[in-house]
1. Placing +1 at every Lys and Arg Cβ and -1 at every Asp and Glu Cβ, with all other atoms neutral, what dipole size does segment 151-201 have around its Cα centre, in debye to the nearest 20?
2. Could you tell me which trypsin sites (Lys or Arg not before Pro) in segment 124-179 are loop residues by DSSP with no more than 16 other beta carbons within 10 angstrom of their beta carbon?
3. Among (i) 9, 31, 34, 20, 6, 0; (ii) 8, 33, 37, 16, 5, 1; (iii) 8, 31, 30, 20, 7, 4, 1, find the value of P(r) over Cα pairs in 10 Å bins from 0, in percent that was calculated from the structure presented, and write down its label.
4. Using the Cα centre of the chain as origin and beta-carbon charges of +1 (Lys, Arg) and -1 (Asp, Glu), tell me which of Gly105, Tyr33, Phe8 is placed farthest towards the positive end of the dipole.
5. Okay, helix-only estimate at 222 nm for the chain: each DSSP H run of n ≥ 4 adds -39500 (n - 2.57), divide by all residues, round to 500 deg cm²/dmol; what do you get?
6. Which FRET efficiency, nearest 0.05, do Thr153 and Lys87 yield, Cβ-Cβ r, R0 30 Å?
7. Where nothing but the Cβ of Lys and Arg (+1) and of Asp and Glu (-1) is charged, how large is the charge dipole of the chain around its Cα centre, in debye to the nearest 20?
8. What's the exposure ranking of Tyr125, Tyr177, Tyr135, going from fewest to most Cβ atoms within 10 Å?
Amino acid sequence: MTVLTQTFKADNLFVGRYTFYDGTDFEADCVRYNIPGHGNLRIGSFCSIAADVQFMMGAANHSLNSFSTYAFGVVNPDWGQRLGMTKADMPVKGDTVIGNDVWIGRGAVMMPGVHVGDGAVIGAYSLVTKDVAPYTIVGGNPAHVIRTRFDATTVAFLERFQWWQLSDELLPLVIPYISDVDQAQALAGLRRFAREHQLAG
């Protein structure tokens, strides 16, 4: 397991605090087709990324509007000079954004431009082609909603509270609540904590 830090070679990869990857070289193992100018990868704090996860970056796309989808320029530079399309003709999906406290299961593939909300869970070997709402569990190929983790009121509270923004001094004080499986007790504790520390919630 490796806790990721902002020490990537590429300047379009960003990661928050304490996010970890079940491997040793996240950039080499997980980030595919990363060419500058084709979008950023932004991963929040406290995410859990399993082995063999793949983030397909913007350069993974092929044009579907030309008669051939073949990557002529990749195979032969001379062919690349003869292309009838430009970089501007290629589909642009934008940044791939992974929220905070997201768990991405082994072998999942994240397509370019998807946004995954805070607290979401991506099932193992899923193909994520569309945005995933906060605190939603998805799985399959293509990934589809399996269920939401909590009721709408609880999700709204967690999105306001944003425990992942707490300082390293305050964080240990909420760990008993955010790791408690008794949701009613945990929610009451977090609400009390928010009042005592004048935090949103």
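1. That gives segment 151-201 a dipole magnitude of about 200 debye.
2. Numbers: sites: Lys130, Arg147, Arg149, Arg160; in loops: Lys130, Arg149.
Passing sites in segment 124-179 are Lys130, Arg149.
3. Computed from the coordinates, P(r) over Cα pairs in 10 Å bins from 0, in percent corresponds to (iii).
4. With unit charges placed on the Cβ atoms, the residue in question is Tyr33.
5. -6000 deg cm²/dmol
6. For Thr153 and Lys87, the calculated efficiency is 0.05.
7. 400 debye
8. So the ranking, lowest neighbour count to highest, is Tyr125, Tyr177, Tyr135.
Each value in this text was obtained by applying a stated rule to the coordinates, not by laboratory testing. In this text the structure is predicted, and so the values were computed from the model without any measurement. Counting neighbours? That spans all protein chains shown, and the Cβs are built from the backbone with ideal geometry, glycine included.
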